[in-house]
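The values are calculated or read from the model by the stated rules, or taken from the named source; none is laboratory data. None of these values were measured; they are calculated from a predicted model. FYI the Cβ positions are ideal-geometry reconstructions off the backbone, even for glycines, and counts take in every protein chain you see.
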Amino acid sequence: MLNQRSKYLQIAFNRSLDEVRNMIALLPASEKIIIEAGTPLIKKYGKTGIIALKNWWSGKIQKQGYIVADLKCMDRGSREVEAVAEAGASAATCLGLAPTETINEFIRECEKAGIDSMIDMMNVEFPFEILQKLKKLPTVVVLHRGVDEKEKNREKKIPHDQIHKIKGTYGNVLISVAGGETPRDVVRTFFNDSNIAVIWQSFYETPGNTANLAQEFLKTIKK
Amino acid sequence: MPTKNIKNKFNPIILAIIIAMIINPSLSIILMIILIIYIKKNPKSSFFDLIKKNIGNNTDSQTMEETEQSIVEKITSIKPFITQSFFNQTRLVKNKKYLQIALNSTLEEAREIISQIPVSDRILIEAGTPLIKIYGAGAISQIRNMAPAGTYIVADNKCADLAAREVEMMANAGANASTCLGIAPIETIDSFIEECGKFNIDSMIDMMNVENALSVLKKLKKLPNAVILHRGVDESEFSKEKQIPYYQIKQIKGNYNILVAVAGGDTIREVQRAIFNDADIVVVWKNFYQSNAETAKLAESFLGEIR
């Protein structure tokens, strides 16, 4: 389970399993690092991918590693959550734009399975509107700018101003920010009081450089 | 494509030789000699290149020259071609009614259902989202192996971001169509439709939780092949009053020349209703309390219905 006070660096992995294995071996064994099984990785390898990531990371840090399954659930919440929890995931994601019934069901099922629920607010203009409709709050709210959006439309920015608003209204919810890729972005994310910063691109592009990149990003937490 | 140009350039010469042969055989021999002299004098002429390209590719001297990188480039450029020609030939046809059977549970159950449903080009098999997320893209190739040859397979990957990678993955696994969420960023949907075109598979936009499908379609650069009007399973289970927006079928078809799919449900009555409302594709699935045979029976009554 995540600590409210701590800052975490969530690294999403989307390469082939062989490459991911090597990359995880290169990572520093830090509890501040969260390993994410990216959506393409899940759609390519299914449960097997999550099981592999869980084993490699747990072996590396010598205790139960924290794995996020980026399911981006849209329907049939319970079935997908059950499957990834069984595979060893510690958290799963659901789209904020999914029907409210699906999000409610997703959060309930995550609780039942004993894993953290994350709601991905990609393409959501006002995350508040969605949180208000829910029966129960998720563990984490992910503020997200999609990769395709970012590449084709540079004006769209991560809504950092939302972090304080959400935290002010819903005290216990953790905030994760996805879509900033440089150490500078990550510094800004933590400065704006986010709990988790999600990165992937630099790792995806230069898998050999994983160790250095991770060290560089971890430095931003210590400040 | 250089080959095409060369063909165009040399066809008239060959034609001229043939005509000359008819008029006077000796004239054609003279022409042929001139052609041979021309080629010998210009070994770098395009005609020579053509021969070299056709035969020379396999000679050792040429492969020796090729660097590793160019081989890799070649393989990657060939890959989509192979998948296109072997798996993805079947595309959906307009003015034809289809029944799409969604497989969401396990691969064992998928096998059983597939073995029981009648063989028809009007029946599409869908690898459901849970199946893809649990078994990975391998689920699609496995379903392709279970199903009769030439079966149309829909990968319900419900793409929300990184469209290019997902489409490539689904197409290479042997899908004939892939789905993208209507609530995804417009940039993602645009890139999804473009990629589907590249891989020669049908693009389907799932309008689940989208209030007005037309407003999404209006924003797109290019139209998808199909739009899916969808009421989620969780939605329909927990709030019964939410209805499939049947009126939107006519609205969409009136404005755009695309196929409309309706996620129908699990009974023949719902299927009839969707067909009556002019849907092109009706998506059905098996409920956990139903037997596999019931799903097969549903397919049979559908085929009887549309005849």
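Just a few scattered comments:
- Residues in the stretch B:128-156 that are more than 14 Å from chain A (Cβ to nearest Cβ), touching a residue at least 40 places away in the same chain (Cβ under 8 Å) and either in contact with a Pro (Cβ under 8 Å, 6 or more places away or on another chain) or within 28 Å of A:Val81 (Cα to Cα) (or both): B:Arg144, B:Val154.
- Condition broken by A:His160, with the remaining ones in (1) over 19 Å from A:Gly96 (Cα atoms); (2) away from chain B (no Cβ under 14 Å); (3) free of Cβ contacts under 8 Å to residues at least 60 places away in the same chain satisfied: (1)
- For the stretch B:233-248, a residue qualifies if it is surrounded by fewer than 22 Cβ atoms within 10 Å (Cβ to Cβ) and closer than 24 Å to B:Leu99 by Cβ, and the qualifying residues are B:Glu235, B:Ser236, B:Glu237, B:Lys242, B:Gln243, B:Ile244, B:Pro245, B:Tyr246, B:Tyr247, B:Gln248.
- Test: residue in the stretch B:115-127 that is within 14 Å of chain A (Cβ to nearest Cβ) and either at pLDDT below 95 or under 19 Å from B:Thr90 (Cβ atoms) (or both): yes
- Test result for B:Ile201, crowded, with 24+ Cβ neighbours inside 10 Å, more than 10 Å from chain A (Cβ to nearest Cβ) and within 22 Å of A:Met121 (Cβ to Cβ): no
- The single residue among A:Arg76, A:Arg108 that is modelled with pLDDT under 95, surrounded by fewer than 24 Cβ atoms within 10 Å (Cβ to Cβ), closer than 27 Å to B:Val210 by Cα and not aliphatic (A, V, I, L, M) turns out to be A:Arg76.
- Test: residue in the stretch B:205-217 that is more than 30 Å from A:Glu101 (Cα to Cα), modelled with pLDDT under 95 and either within 14 Å of chain A (Cβ to nearest Cβ) or assigned to a loop (DSSP other than H, G, I, E, B) (or both): no
- Among (1) assigned to a helix (DSSP H, G or I); (2) closer than 30 Å to B:Gly232 by Cβ - the single one A:Glu19 does not satisfy: (2)
- Among residues of the stretch A:11-36, those that are small (Gly, Ala, Ser) and within 13 Å of the chain's Cα centre (by Cα), counted: 1
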